[in-house]
Amino acid sequence: MIDQLQALRDHALEELARIDDLADLEAWRIRYLGKRGELTLALRGLGSLDPSERPVVGRIANEVKELLESELTARRDRIAAMLRAQEIARQAVDVTLPGRSGPVGQRHLITQMLDEVTAAFQRLGFQIVEGPEVEWDRYNFEALNIPPDHPARDMWDTFYVEWSGRPGGMLLRTHTSPDQIRVMEKTRPPVRIIVPGKVYRYEAVDATHESMFHQVEGLAVDEQLTMADLKGTLVAFAHQIFGRERRARFRCDYFPFVEPGAEMAIDCHVCRGAGCRLCKGSGWIEILGAGMVHPRVLAGVGYDPNVYSGFAFGMGVERIAMLKYGIDDIRLFFGNDLRFLRQFR
Ligand code: FA5
């Protein structure tokens, strides 16, 4: 019986030493120390021993039981410690790993272009002014020497907010020129302003026309301003945006609020004037409309045209961006396609 108990003890301890998870440990406990476990059954067998042997065998059996119980507890503690260590290792944060960066936004290409254009004029001494996008007919047309029913209104297909068939209604401004009037009504010369902003036209949208786009208007009024000032200012602007080697060409154009009126073109920066797809073979690219402020416009805001003269210009910002970056469809700007926009960080 004693040999049997010792063999049981050795076998149980050997098995215990190999156990490293709690489920196996519980199975081991049930196998040896459970109600029907091997040791329990052996202890029950004590009753069938000779009474003289019982105390010795009983003592040894109890020693084996206590040993197995204490080894069980020690093993359970070691397994628990091991599991804790594994869990801690699993949850550990490696502070040396590079961080994950979140998505970073950027300014829209048109916003960048607006900033670039306005900064070029600020360097030339122009101040930035903004005006309303919902405008009175009077500012958008009449005060700009475009009376009701004048055929020049056909130059701008207009969204009327409220149109009674008579002057006085409201509309979405078709250009930034109304802010020439708003500024002149409020200030005395000298005036040197630029007006960046959105404008709206009832257009059939295509690769070069949108029904909402951006313009930058410019206006300078002072004594003795001439066409030379207009040309000098606009050539300096074109050099800043398109490069110092650009040449400029001015040709007659018609806008009711200037006299004389002009369009300005630069020699094509892709083919350098030789003729290519961008400039449609002409070697020149039109970038803006301009002219000397019409005396009637000056008189309308209370400036004496015999004392003051001025020049004005207006350009499409999308057009400038398309020329600068070789973009061939204006709809790309507003398609919300990040693959397109991210090219211009
Ligand atoms: C005007 O709007 C005048 N107010 C410009 C001006 C100001 C002339 C001061 C003289 C003195 P125009 O209609 O040509 O002019 O438009 C100016 C520019 O806006 C064009 O050269 C073009 O670049 C841009 N543009 C016109 N229509 C559209 C459109 N539908 N979509 C995108 N850009 C356009």
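FYI, it's all coordinate maths here, none of it is from the lab. Bear in mind that the values here come from a model prediction, so they are computed numbers and not experimental data. Every residue, glycine among them, receives a Cβ derived from its backbone with ideal geometry; neighbour counts consider all protein chains shown.
Taking the Cβ-Cβ separation of Cys276 and Asp222 as r and a Förster radius of 30 Å, what is the calculated FRET efficiency to the nearest 0.05?
Efficiency, from the Cβ-Cβ distance: 0.15.
Sort 119-125, 19-25 for me by packing, meaning the mean count of neighbouring Cβ atoms within 10 Å per residue, highest on top.
Ranked from most to least packed, the peptides come out as 119-125, 19-25.
Among Arg18, Arg153, Arg272, which comes first, then next, by fewest other beta-carbon atoms within 10 Å?
Neighbour counts put them in this order, fewest first: Arg18, Arg272, Arg153.
To the nearest 10 degrees, how steep is helix 109-123 against the longest Cα principal axis of the chain, on a 0 to 90 scale?
Helix 109-123 and the main axis of the chain meet at about 50 degrees.
Determine the dipole magnitude for region 2-91: charges of +1 sit on the beta-carbon of Lys and Arg, -1 on that of Asp and Glu, nothing else is charged, the reference point is the Cα centre, and the result goes in debye to the nearest 20.
300
Which residue fluctuates most in the GNM of the chain (Cα springs below 10 Å): His11, His150, His214?
Between His11, His150, His214, it is His11 that shows the largest mean-square fluctuation.
What angle, in degrees between 0 and 90 and rounded to the nearest 10, separates the Cα long axis of helix 227-242 from the longest principal axis of the Cα atoms of the chain?
In the chain, helix 227-242 runs at an angle near 20 degrees to the longest axis.
Give me the angle, in degrees from 0 to 90, between the Cα long axis of helix 22-33 and the longest principal axis of the Cα atoms of the chain, rounded to the nearest 10.
10
Counting other C-beta atoms within 10 Å, which of Ser48, Ser309 has the fewest, and how do the rest follow?
Ser48, Ser309
Would you mind calculating the gained length between Phe159 and Lys198 on full extension (0.36 nm times residue separation, minus the Cα-Cα distance), in nm to one decimal?
Extending this stretch completely gives an extra 12.7 nm.
Please report Lys65, Lys198 as a ranked list, fewest other C-beta atoms within 10 angstrom at the top and most at the bottom.
Lys198, Lys65
Between Gln6 and Ala80, with labels modelled 7 Å along Cα→Cβ, what's the label distance in nm to one decimal, could you check?
3.4
Please compute the modelled spin-label separation between Leu46 and Leu97, points set 7 Å along Cα→Cβ, answer in nm with one decimal.
Label-label distance for Leu97 and Leu46, simple model: 5.8 nm.
Please check: in the Gaussian network model of the chain (C-alpha springs, under 10 Å), which one of Val95, Val57, Val307 has the largest mean-square fluctuation.
Val57
Please compute the modelled spin-label separation between Asp328 and Arg244, points set 7 Å along Cα→Cβ, answer in nm with one decimal.
Simple spin-label model gives 3.3 nm for this pair.
Running a GNM on the chain with Cα contacts under 10 Å, which residue among Arg251, Arg36, Arg319 ends up with the highest mean-square fluctuation?
Highest fluctuation of the listed residues: Arg36.
For region 215-233 and region 57-77, compute the distance between their C-alpha centroids and round to whole Å.
If we compute the Cα centre of each part, the gap is 105 Å.
If the reach is capped at under 24 angstrom between alpha carbons, list the lysines near Lys231, excluding any in the same chain fewer than eight residues apart.
Candidates past the 8-residue exclusion: Lys324.
Let me check I've understood the local charge: for Leu22, count other residues with C-beta under 13 angstrom from its C-beta, Lys and Arg +1, Asp and Glu -1. What total comes out?
Local net charge: 0.
Using only helices, what value at 222 nm comes out for the chain when you add -39,500 (n - 2.57) per DSSP H run of length 4 or more and divide by the total residues, to the nearest 500 deg cm²/dmol?
When only DSSP H runs of four or more count, the value is -12500 deg cm²/dmol.
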